[in-house]
Structure formats: structure tokens, C-alpha cells
1. Among the residues of segment A:50-81, how many are touching a residue at least 60 places away in the same chain (Cβ under 8 Å), within 16 Å of ligand 1 (Cβ to nearest atom) and in a loop (DSSP other than H, G, I, E, B)?
2. Of the residues in segment A:25-49, how many are in a loop (DSSP other than H, G, I, E, B), under 24 Å from A:P71 (Cβ atoms) and within 14 Å of ligand 2 (Cβ to nearest atom)?
3. Taking the options A:S42, A:S49, name whichever one is open to solvent by 10 Å² or more (accessible area, probe 1.4 Å) and of a type in the set (S, T, Y).
4. Might you let me know whether segment B:166-186 holds any residue that is more than 14 Å from chain A (Cβ to nearest Cβ) and touching a helix residue (DSSP H, G or I) at 6+ places or on another chain (Cβ under 6 Å)?
5. Go through (1) more than 18 Å from the chain's Cα centre (by Cα); (2) within 12 Å of chain B (Cβ to nearest Cβ); (3) over 25 Å from A:E176 (Cβ atoms) one by one and return the number of the condition A:T55 breaks.
6. Please specify each residue of segment A:1-24 satisfying the condition of being touching a Lys or Arg at 6+ places or on another chain (Cβ under 6 Å) and away from ligand 2 (no atom under 16 Å from the Cβ).
7. Would you mind finding the one in A:L209, A:L194 that is away from ligand 2 (no atom under 16 Å from the Cβ), among the aliphatic types (A, V, I, L, M) and closer than 22 Å to A:A160 by Cα?
8. How about segment B:189-204: which of its residues are away from every other protein chain (no Cβ under 14 Å) and crowded, with 18+ Cβ neighbours inside 10 Å?
Amino acid sequence: MLSLLSLSKTYPSGVEALSNFDLEIRPGEIVAVIGGSGCGKSTLLRVISGLEPATLGQVRIHGEEVTAPHPLINLIFQEPRLLPWLTVEQNISFGIRHLDAREQGRRVRGVLQQVQLQGYETRLPKELSGGQAQRVAIARALVTQPEVLLLDEPFSALDAMTRGSLQRHLLHIWRETAATIVIVTHDIEEAAALAHRVVVMRPSPGTMLEEITIDLPLPRNELEADLDPFKKRIRTALHRSLAYADGTDLMLV
Amino acid sequence: MTAADLSSEKQRLSGGKSGYRLRWSAFSGLLIALVLPVSGFAVWQLLVSSGFASGRLVPPPSRILSALWQLQQTGELSHHLVATCLRVLSGFAAGAVAGIILGGVTGYFRPARRLLDPTLQALRAIPSIAWVPLFILWFGIFETSKVTLIAVGVFFPVYLGVSASLVSVDRKIVEVGRIFRLSGFEMVRRILFPAILPALVVSLRTGLGLGWMFVVAAEFMGASEGLGYLLVDGQQLGKPDQIVAAILVFAILGKLSDGLLVLLTAPLTAWQDNYQKERK
Ligand SMILES: Nc1ncnc2c1ncn2[C@@H]1O[C@H](COP(=O)(O)OP(=O)(O)OP(=O)(O)O)[C@@H](O)[C@H]1O
Ligand SMILES: [Mg+2]
């Protein structure tokens, strides 16, 4: 159980990026957070991951307060952020160096298969495509067997086909690991295809505007028509959130 | 793994054609690099041999080589060479170690940077040669003052390179370390150190270059051995061929030591995604 209790984050510059954000996330649930640019989505994930301290409020996992990066929570950034001097294999085992070599090897092989990159072990990051690099980043997080996986627009830099395939990968991983997933996106299709619950955010200050539960089974490839009403609700909420933008810095993408 | 991957892998393993091409490109690089000095020497030799130039103050290559040969025959050359190399080596080692440690401390700890960096920058602004009289008073005329001067020359570029590159390590990869909960020491060893390695190599090369520069200054201030002594000796006894011979040895030593440093550190920075590497 992941609980966000009236989370607020005001940056030293005075920007109120997050204000009174409340959310209870069940184990194994997939939550998509959607909203215009600058409404505090990345801030939300950074606070949950413990990278950024909350100004007010708490993040709790199994009742325990998170104040610094936590072993059960992992964050995947928008860019792969692989360490350029390590091979794919070394990048993936980056977070499990405390395990013995055999266990490391076993786990790395396991996640390499999950993201379908067998045979790429000895490549350097500069020898990977964007989609492959992002898969390595996902594998690097998965290999620590986190209970909570936070993803900050992980596929937004990729073309539609790669994005679709990585979304399927993510669902596949979710089924195998039963991880709790919070994925930030500004793509309505992506939110509707993946999430049990979609949280629409509004800006200035960043907080929750609306929560939309999608009670359709995953994966939803065959359910295009059933998804339409949900997408429409998300779109309407997003348009409402626009009204809160103070100026031109918020755009729907 | 696809078939294309496999075949490129095979080629890499066997060395194959690409290995041959690599050796040829290194060789041709050497040839191209030699064009200018060799043709310069040849032209000068011709001018002197044919009587167009006297070659008294700028001796032709034949005289330089014979001067070198004579110095070698008497065992003087290797004696002076070893003396100079030892000075540069010990000064470089001391300066580099100090630069890495102080640069690391100031780059990593903000309070240390605020405390130490302004003073060190002020010291850096002093032309290092200005220290010579003081070093002689402190450490005497022999090895210690010479090695200290070289170490000071090497210290500053290394200090600056390490400190500045540490401060500018990308926050994004540091955050990766934080997400995986690295301790302070692990953060240094697994993220910060590899990230600054390329900058460290560059600053070591700069430092080494300065080391060769300062060894001459050090040997000018009174030495009974070393290549710098050969220069002074050549000037006092009016032997331009000995001077140019010593200069030539400096050029070769400087280039060789720099090449060695690059060669030794190349595997450490091979991961870099350089555009020059792509063009090859
Ligand atoms: N380190 C920081 N210091 C000060 N202000 C910040 C910082 N990071 C973000 N902000 C501000 O906080 C607000 C929320 O930023 P955040 O990055 O969370 O938005 P976002 O929803 O992720 O936007 P995008 O969709 O463009 O990624 C913005 O107004 C931004 O300018
Ligand atoms: Mg963002």
C-alpha cells in the first residue's frame, strides 16, 4: 500500500509545484498521472521516490514514511540515464552489486528476457537505440525487484510503434511482478491503455483535479470501443485543467 | 542476436579486416605526422650542404645527430636523460596526486571548496617560476627544490581539472546513484570518478606538459646534470649543436610521454561517444 498524504512541495524559488495531493494506491495497481506541462507531475514522482523532500505531508509505504530513496521504490526517468561507461549488463546490475555474482547473473538474465534484450549484454549505451536504452533503464529498475515502479513519461521520446511495444512490455512485466505502477504521461491513449485509475492534475498549484477509474481488464488491445467513453472523460478533465493555467506556460500536448 | 550482430561480433573477435585497417591507419597517421619535421630537416640539410647557409648558429641535422651520437658514446646522454626523467616523474607524481586529492576534496565538499578554492586560485595566479628563489632558500639548490617546482607546475592544471569537472558532473546521473541509494564513497567510486575520468586525463596531460616545461626552468637554476644542464653548458661553451640536440630530445620525450599517457588511459575513456571517433 502506497499512501500520499496531503503532499505539498514548494521549490526554494517559491513555485508551488504540488499542493495537498492525496492518493491511496493499492498493491499491484496501475495509476496514470496525466496533465499539462508544468502541472507538477515530475515533482510528484520525485517526491514519492524520495529524491525530493516534501515541504508538507507524507509518503508512506506499508505505513513507513519515505524520506529518502527507498529500496522498494524505483523511479524510471524520462531519459534512460544509463551510465555511459558501463555495458548493458553492468548498467542493469548497478543496483544489485551487494548480491553475490551468481544471483546477479541470474537476475540480469531474467530481466534481459523480460525486456527482450538478450544478446546485448556487452554493448555500451552509445551503441543502443533510444527504445533499447529505455528498455535497459527499465531492466535496471526491475532487477532490484521493487514493489513500486514510478515512470516519468518513459516513452514520450519514442516513436508510436516503439511506444506501443514498450507499453505491452510494461503490462507483461506488471503481470509477472505484480508491481504497483505509477506512470506519468501526457498521452490520453497511453493512460487509457494502461491504467486502472487515471489521475488528472491541474496546475498552479499542482494538485489533483479528477480521478477516473477504468474498470476494464488489461491488456486492452481488443477494447478500443469500450475505452472511448473513458478517453472522453479524461479529455474533458484535461480541458478543465487548462482553465487553471496562469498564463501561457501550460499547454496540452 | 541477429545475423548482422553475429558477423560483426566475429569480425571483432578475430581482429579480421578491421584490425588490419586499424593498424594501417595508425601507421599512416605516423607517416603524415612525420612529413613536416622530416621535410624541414631535409631542406635545412640541403641548404647547409650546398653552401647556401652557414649552419653555424642553426646546425644542420647531420651535426645534431653527430652531437647526439657523441653524447651517447661517452654515456653522457643517458646520464642526463635519466636525471631529467626522474625529476619530471617524481614531480609529476607528487603534483598529480596532490592535485587529484585537493581537487577531489574541493569538488566534492562545498564547505571545503569555499574554504580552499579562493586561496588556491590566488596561488595559481602566481607565475610558478616566481617561486624559484624561495624554493632554493627553503629546500637548497639540489633535487628537492627542483622536484617541488615541477610538482607545483603539475599541481594546478590537475587540481583545476578535477575540481571543476566534479562540480559539473551531470545532476541526472548523480540522481541515478541516489535512487539506487549509493553511499557517499560508492557515489564517488561508481559515478563521480568515472564521470570525470576524461577530464582527469586531459588535465594530467596538461600537467605533464608543464612538468617538462618546469624541469628546464629547474635545471637552469643550477644543475650539474640533466638535459637542461646540457642546454646551459651548450650556451656557455658555444655549442649550438648540443643545444639543438637537447631540444630535440625534449621534443621526443615530451611527445613519447604524452603518447604513453594517452595509450595507458585510452581503455578508461573508450566509452565516450565522441564525434571524432565516429568519423574514423
Ligand atoms: N528544481 C526546480 N526548482 C524550481 N522550480 C521547479 C523545479 N522543478 C520544477 N519546477 C517548477 O515546478 C512546476 C512543476 O514542474 P514539473 O517538472 O513537476 O512539471 P511536469 O508536470 O512534470 O511538467 P512536464 O509535463 O513539462 O514534464 C513547474 O512550474 C516548474 O517550473
Ligand atoms: Mg515532467
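The values are calculated or read from the model by the stated rules, or taken from the named source; none is laboratory data. What you are looking at is a predicted structure, and each value in this text was computed from that prediction instead of being measured. For neighbour counting, all protein chains shown are included, and Cβ atoms are generated from backbone atoms with ideal geometry for every residue, glycine included. What goes into the accessible areas is simple: the full protein's heavy atoms, side chains included, and nothing from ligands, DNA or RNA. Shrake-Rupley method; radii C 1.70, N 1.55, O 1.52, S 1.80 Å.
1. Of the residues in that region, 3 qualify.
2. The number of residues fulfilling the criteria is 0.
3. So the residue among A:S42, A:S49 that is open to solvent by 10 Å² or more (accessible area, probe 1.4 Å) and of a type in the set (S, T, Y) is A:S42.
4. Yes: segment B:166-186 contains one or more residues that are more than 14 Å from chain A (Cβ to nearest Cβ) and touching a helix residue (DSSP H, G or I) at 6+ places or on another chain (Cβ under 6 Å).
5. So the condition that A:T55 fails would be (2).
6. A:S3
7. Within the list A:L209, A:L194, the selection yields A:L194.
8. B:S203, B:L204, listed by residue number.
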